[in-house]
Every structure is written in structure tokens, then in C-alpha cells.
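Just below is one structure, and these are the notes that go with it.
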Amino acid sequence: MTYQTKSEIRIVNGETFIISDAVGNIHQENTGNFGFFFRDTRFLSELILKINDQDLSILSAKEINYFWSTHYATLPFESIFEAHPITIIRKRAAGNGAREEIIIHNYKTEPVDLTLSIQLDADFVDIIELKRAQGAEGKPVIEINSEENQHIFVYQVNGMCRKTIIQCEAGAQIENKKVSFKINIPAKDVWKTCLTIRPVWEDQVKEPEYLCEDLDKNKPVIHKPLQQWKNQVPRLTGHCSILSKTYEHSLMDLAALRFYIDSENKPVIAAGMPWYMALFGRDSLITAYQCCFIAPDIAFTTLRNLARLQGKEYNDFRDEEPGKILHELRFGEKTLLGEKPYSPYFGTADSCQLFLILLHEAFKWTGNRELVNELKEPALKALNWIDNYGDMDGDGYIEYQKRSKEGLGNHCWKDSGTSMIFSDASLAEAPIATVEFQGYVYDAKLRLAELAEEVWNDSSLAEKLRNQAKELKRHFNKDFWIEDRGGYFALGLDKNKKKIDSMTSNMGHLLWSGIVNDDKADIIVKQLMSSHLYSGWGIRTLSVQDRGYNPIEYHNGTIWPHDNSLIAEGLIKYGYKDEANQIIINLLEASQYFDNRFPEVFAGYQRTEVDFPVPYPTSSSPQAWAAGASVLFLRMILGLEPDHKNQNIIINPYLPAAIEDICVENVRLFNKNFSICVQKDHSEVELSD
């Protein structure tokens, strides 16, 4: 197998991630996202290795796994027929800091004298400001500890202190922003050194997980959390390569995005790298939902952390209300100094509904009554937010309008500034009641009714919630429906209760929620699968018939795998399995052009017009709910449903034509281990030892 060298190499492990060029260098100029990052802060903005003051020429580079990369380089070729006899290998691992082993091979038949230099810099910029191309307030000072071979950047502002310690092995010459070695390598010999990068956070020096001895092996070490994750999740076998390759890559992406924010040392999933390496409400909840059958513990930890950080007061700066579930939690400089509202920020109007949906889903897959009882109070607070804060004007629908000057303008999953548009491309004005919010409320109340009845023994609450859901469904199917263009649901209602008449993928979420009347379901399915919404790779966010359509605008014409995964599950709920399988297979086909990885988002060009799916320029990678999509696809293909009352699992498979058979081992539910095998005409479930 051959590997194509990428222009960027990304590795991540917990709160640490590194983005470099293929050679392994971090450049400060013209590459705003390059750096060594820890807790929303760029601790190194420059790390450039040269030999004899010459730039290296890349041979090949690859992310070996999510926390490990290897880079092969040489000096510039002397001619097209004569390569340089010096090879440079850089092996780098991230995790609570970083270590890099530098190996130089001399293939000459005589010794060589070389000067290796590493140019360094640190700006300690908050990643929120980096995204907006703004720098940090202060400037770091430099300390040199010759006895310990350390180069230290120290950043202090408003009582806050951050440090980056770069430690070299003996023999290094350490100067201002530079480390160098004078090297003599005998003929046909090898020289090695090790570089250690330690971030210092609140006077705590972080110690990297790996030693250079770990890096100096033919195969990368598998660290314990990764091995535990591999042992925990289901394994695929059978003639299903179109799914298994993407599934395996998704598992690694999900593993990469795990990080720890509580004292229990149990992980949550960050939303995506590089800009969203944080706990989110909507993203983390949907990812946990997608992955409930392979890793229900992620759902438990996500719910507990979001409950712990649930809104307590009415705060304009953070768009906070009592009972509200957060949008995101950050630890960067601007947040800690109170200049930005992310401590946490609550600019979302669907996290409460999704919190209740996930709580029920986690119960379905585990039967964990203790969790439901533990989170009863946060659940009822989230319900109270839906009824008394989310419905701003008492019309029965959830709306949003930002109050924070630093907050987001749109509080739905399509949260970019231009996403809420009419069919003529004019922008809707807030308060806005987006269509999917109402479906989420309907689903959340039905699910909470089941928990109230089965776990809390509160039949009166269950009856009240079911009646509210029934009434919401009745009004909703009338108030959001548009007869034009063959019939469809509006994107939302604007401040004047005018229907926002663009045709979008959002209405597919209504099938997932179950709020669509049966007489409208077939119409919606035909719209979603028509050429103006369906590209051939997946469902677009906006119809090509709408004036605002652009195949490379973030929310107005692109394709999002997570969006499609929820729609596909909705199609199955309403009995449209062939259409669901078409979405699944077409997206899996698209993933093959992205190294068998689902990107956060890609362009919405019609499949017949392009030779391959076109990347979106700033798509996050890895990205959580994109990775979660393939896990949900697996569950849909197998038709898996938990039977928590009988501590068993039900399968109702419907294999796409591209999958001959599929076996899933190590499905751990109800303290049991299941193996599931499905063929076109036969399926079986077995209990494993």
C-alpha cells in the first residue's frame, strides 16, 4: 500500500494536539492553525527544524494513529539522478505534552559534520482568538536553564501564568528562541536525540505520556486507554469492507477526541479538532447518542458533566437561564479573564431536548435505573427550561434570540450567521423557532414520559407529557407546513411568525423525532431524496432551488454526515429502509475519498458533475458526530434495538446491496456479550463467553 503525504499532519491525545506541515515543522506565518496546543491555548507557535540552515525536503509523512506521527525527510536533492545521502526521521507523540525523537542517518561512506537547529516561538494565543486571527494580549519572556538543557517561554498577564518548557538532551546549545546541535556522524551510522515539550498550567508541569524509548521502536506503542477502548467496542467481520474501513477509522477518531474534565477520570468526547476541542452540549449529546450501543459509558459521563454545569441563573453575557444545558465550555485566556462568555456559554436552544433524549436512550441500552434517578432533578430542570424559558412568547414553540454581545447569533445546529435564510436568500430575524427544535421537544417529552412512568413511578407526569406531545404534534404539522413546491416543512418561524420558506435538511430531523404526520411523511421523503436536496453523495443542507444555495457554504448547500445519519434513522422509523440504505452507502462511498473518514462537512456538488466529493476547506478533522455517523449506520443496517426489560437485544436487519454479510462481535449490553451475524436471508444473535 502506498501513502500519499498530506500537507498537514494532525495528532491529538486528550487536551493536547499538534498540527504541523508534512516535514513536522510548525510555522507561525500564513498557517493560522499550526501549533502545539493544550487546553484551548497555543503553547508553541513555531518549531522549525533545519540542517546546515537548509529546509528539509519531505519524503513521506503519516499519522500512524491518532496520537503518533512519523515524518521522513532529506536535504534537497542534488540532481534528479542523485539523492542526498542524509535521511532525517522525526517520530512524535502527543499526550499531556509531547515528545519527539529525531534520527539522522548518514548513508555516506565517510563521516559528516552537520548543524541541526530548531527555531522556536510561543504566543500563548487563545484558540478562540486564533480562529479570528487575533493575537494574545501579552508577550512571553524567555528563560534559559543551561543546567537542565531547557528553553522556557513564560507568559504572564492579569495574574495568569503559562509556560512552555522545551527540554533537550545533553550537547544542545540553547539561545534566544533557538536550540542547535553540532553533530558528527560516522560513515553509515546514525545519530539520535530527544525533544520534550511540557506545558505548565497553573504551576502544574505536565509530564508527557511517552518516553523517547517508546518512540524508538518499529511499531508505535499502544497506550493503555487506546487498548481499553479497542477491547470495549464491537468488532466487524464479514464481507462489508465499505462499512468496516470507515467504522474502524471512526473508532480511532472517537478515541482521539476523548478527554477528561471531571475527577472520576472518565472521558467525554470533544466536538472536533482543531477549533472545537472542548465539551459541547449539542455535539457531545448527539455523538453520545450515535454511540450508545458501543459505548454507553460515554453517554453517562456526558450527561453527568452537562448536569453539573447546568444553567443556574439568568445571565445575559453567557446567554444563560436556569436549567439550560450548555453550548460549550472553554479554558482559554479570554474565557478565564472574563472577556469571553465560555465559562460555560449557553447559546443553544436544543441542548435541553437532546439531554432528555440521550438520558432515555442510555436507559434503553443499559437499563440503568440508578442513572435515571441520579439525573431526575437535572432532567426536570431541563424540562422546565423548555416550557418556561425556551418558549419565549408562550406560543408552544421553542425560539431563540441572543442576548450576549459576544455570543452566537443562531442557537441551532446550523449556527453560522447566514444559515437562517428565506428562499430569496434574505436573512430571518430573531426570535427564530427552527423546525427541528419542535421535533426534539416532541421526542424528548415522549421519552421522558416513559422514564417518569417506568422509573419514577409518576404516572401523572407521564400522562401530562404525552398529552403535551400530542398537542404539539397537532399544531406543528399545521403551523410549519408549506404547500408550495409540492409540500414541505419550513426551516422555522421568524420574529413575526412568518414561515422561513427555504427547503432544508432540517425537516429530515422531524422523521428522526417522529413528529411528522403519516400523511406528510411520503412527501417529505420524496423531497429529501429528490435531486434538489440529494446530491448523490448525501442530503444537502439547502435545496439547489433556493436562491441562497452554495455547495461550499457552511450550512447552505454542503453535506454533513451527522445530519444524514439522523435523517437516515428517521427514514427507517417511518419504514423507508431503501432510502436509508441509499444514504448510508452513498456516504460510505464518499468516505473512501477522505481516507475512509467522514469529514465534518463536504461540498454539496451534484455527484454527476464532479469526479469525487469535494472537501470543505476548513472542515474539522477528526470530528465527533461525523465519526459517530458510521456507528449509527452500523446499528441501522443491523436493525439493533435493545430490550432492557428482558435484558436482551432485538435485530431486524436490512442489508444494503453492497454488503453481502456482516458479523459484529463484542457487543456488550446488560452485562452480557453478544455476537451478531447477518446474511441476506439469515441472521442470528449469540451470547459470548
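The values are calculated or read from the model by the stated rules, or taken from the named source; none is laboratory data. Keep in mind that what you see is a predicted model, and the values were worked out from it rather than measured. Every residue, glycine as well, gets a Cβ built from its backbone with ideal geometry; the counts of neighbours run over all protein chains shown. What goes into the accessible areas is simple: the full protein's heavy atoms, side chains included, and nothing from ligands, DNA or RNA. Shrake-Rupley method; radii C 1.70, N 1.55, O 1.52, S 1.80 Å.
Since Ile676 meets every condition but one in (1) surrounded by fewer than 16 Cβ atoms within 10 Å (Cβ to Cβ); (2) part of a strand (DSSP E or B); (3) out of contact with any Lys or Arg (no Cβ under 7 Å at 6 or more places or on another chain), which condition does it not meet?
Every condition holds for Ile676 apart from (1).
Have a look at Lys334, Lys266 and point out the one that is more than 21 Å from Asn410 (Cα to Cα), modelled with pLDDT under 95, buried (at least 21 other Cβ atoms within 10 Å of the Cβ) and of a type in the set (Lys, Arg).
Details: Lys266 fails: buried (at least 21 other Cβ atoms within 10 Å of the Cβ).
Sole residue among the options that is more than 21 Å from Asn410 (Cα to Cα), modelled with pLDDT under 95, buried (at least 21 other Cβ atoms within 10 Å of the Cβ) and of a type in the set (Lys, Arg): Lys334.
State which residue pairs qualify: first residue more than 22 Å from Arg258 (Cβ to Cβ) and touching a residue at least 40 places away in the same chain (Cβ under 8 Å) and inside region 16-35, second residue open to solvent by 30 Å² or more (accessible area, probe 1.4 Å) and not aliphatic (A, V, I, L, M) in any location, beta carbons under 7 Å apart, and separation of 6 or more residues or different chains.
Correct list of pairs: Ala22/Thr5; Ala22/Lys6; Ala22/Ser7; Gln28/Glu46.
Please note which strands (runs of 3 or more DSSP E) are completely contained in region 170-285 and include at least 3 residues that are within 24 Å of Lys131 (Cα to Cα).
Details: elements: 173-175, 178-185, 190-201, 235-237.
Of the strands (runs of 3 or more DSSP E) lying wholly inside region 170-285, those with at least 3 residues that are within 24 Å of Lys131 (Cα to Cα) span 190-201.
So Tyr314 clears everything in (1) among the aromatic types (Phe, Trp, Tyr); (2) open to solvent by less than 10 Å² (accessible area, probe 1.4 Å); (3) without any contact (Cβ under 8 Å) to a residue 24 or more places away in the chain except one condition, right? Which one?
If we test Tyr314 against (1) among the aromatic types (Phe, Trp, Tyr); (2) open to solvent by less than 10 Å² (accessible area, probe 1.4 Å); (3) without any contact (Cβ under 8 Å) to a residue 24 or more places away in the chain, just (2) comes out false.
Could you please find all residues in region 496-519 being in contact with a strand residue (DSSP E or B) (Cβ under 7 Å, 6 or more places away or on another chain) and part of a helix (DSSP H, G or I)? Quick ask: steps written out before the conclusion?
The initial filter retains those residues of region 496-519 that are in contact with a strand residue (DSSP E or B) (Cβ under 7 Å, 6 or more places away or on another chain), namely 499-508, 510.
Within region 496-519, Asn506, Met507, Gly508, Leu510 qualify.
If Asn596 passes every condition in (1) assigned to a helix (DSSP H, G or I); (2) at positive phi but one, which one does it miss?
(1)
Any residue that is touching a strand residue (DSSP E or B) at 6+ places or on another chain (Cβ under 6 Å), among the aliphatic types (A, V, I, L, M), at pLDDT 95 or above and assigned to a loop (DSSP other than H, G, I, E, B) - is there at least one of those in region 531-550?
Within region 531-550, one or more residues are touching a strand residue (DSSP E or B) at 6+ places or on another chain (Cβ under 6 Å), among the aliphatic types (A, V, I, L, M), at pLDDT 95 or above and assigned to a loop (DSSP other than H, G, I, E, B).
If you scan region 248-292, which residues turn out to be of a type in the set (Phe, Trp, Tyr) and in contact with a strand residue (DSSP E or B) (Cβ under 6 Å, 6 or more places away or on another chain)? Before you say what the answer is, go through the steps one by one.
If we filter region 248-292 for residues that are of a type in the set (Phe, Trp, Tyr), which is where we start, we get 259-260, 275-276, 280, 289.
Phe280, the sole residue that qualifies.
Being touching a residue at least 60 places away in the same chain (Cβ under 8 Å) and open to solvent by 10 Å² or more (accessible area, probe 1.4 Å), is that true of even one residue in region 251-258?
yes
Pick from Ile523, Ile500, Ile539, Ile552: which is within 27 Å of Phe633 (Cα to Cα) and open to solvent by less than 10 Å² (accessible area, probe 1.4 Å)? Break it down stepwise before answering.
Numbers: Ile523 fails: open to solvent by less than 10 Å² (accessible area, probe 1.4 Å); Ile500 fails: within 27 Å of Phe633 (Cα to Cα); Ile552 fails: open to solvent by less than 10 Å² (accessible area, probe 1.4 Å).
It is Ile539.
Collect the residues in region 498-529 that are of a type in the set (A, V, I, L, M), over 16 Å from Gln438 (Cβ atoms) and touching a residue at least 60 places away in the same chain (Cβ under 8 Å), keeping them in residue-number order.
The one that is of a type in the set (A, V, I, L, M), over 16 Å from Gln438 (Cβ atoms) and touching a residue at least 60 places away in the same chain (Cβ under 8 Å): Met503.
If you scan region 401-424, which residues turn out to be under 26 Å from Pro561 (Cβ atoms), among the small types (Gly, Ala, Ser) and touching a Gly at 6+ places or on another chain (Cβ under 6 Å)?
Narrowing region 401-424 to residues under 26 Å from Pro561 (Cβ atoms): 408-421, 423.
This time we only want the ones that are among the small types (Gly, Ala, Ser), so: 409, 416-417, 419, 423.
Hits for region 401-424 are Gly409, Gly417.
Within region 652-672, can you find the residues that are in contact with an Asp or Glu (Cβ under 8 Å, 6 or more places away or on another chain) and open to solvent by 30 Å² or more (accessible area, probe 1.4 Å)? Break it down stepwise before answering.
Going residue by residue through region 652-672, those that are in contact with an Asp or Glu (Cβ under 8 Å, 6 or more places away or on another chain) are 652, 655.
Passing the criteria: only Asn652.
One line per residue, one yes/no per condition, for (1) among the β-branched types (Val, Ile, Thr); (2) touching a Lys or Arg at 6+ places or on another chain (Cβ under 9 Å):
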residue	(1), (2)
His509	no, no
Ile515	yes, yes
Gln527	no, yes
Ile539	yes, no
Gln545	no, yes
Gly548	no, no
Leu571	no, yes
Asn581	no, no
Ile585	yes, no
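Considering only region 412-449, state which residues are of a type outside the set (Gly, Ala, Ser), within 22 Å of the chain's Cα centre (by Cα) and buried (at least 21 other Cβ atoms within 10 Å of the Cβ).
If the condition is that a residue be of a type outside the set (Gly, Ala, Ser), within 22 Å of the chain's Cα centre (by Cα) and buried (at least 21 other Cβ atoms within 10 Å of the Cβ), then Cys412, Trp413, Lys414, Glu436, Phe437, Tyr440 are the ones that fit.
So which of Gly409, Gly396 is surrounded by 16 or more Cβ atoms within 10 Å (Cβ to Cβ), on the phi > 0 side of the Ramachandran plot and part of a loop (DSSP other than H, G, I, E, B)?
Answer to the selection: Gly396.
When you scan region 455-495, how many residues do you find that are open to solvent by 20 Å² or more (accessible area, probe 1.4 Å), acidic (Asp, Glu) and part of a loop (DSSP other than H, G, I, E, B)?
Residues flagged as open to solvent by 20 Å² or more (accessible area, probe 1.4 Å), acidic (Asp, Glu) and part of a loop (DSSP other than H, G, I, E, B) within region 455-495 amount to 2.
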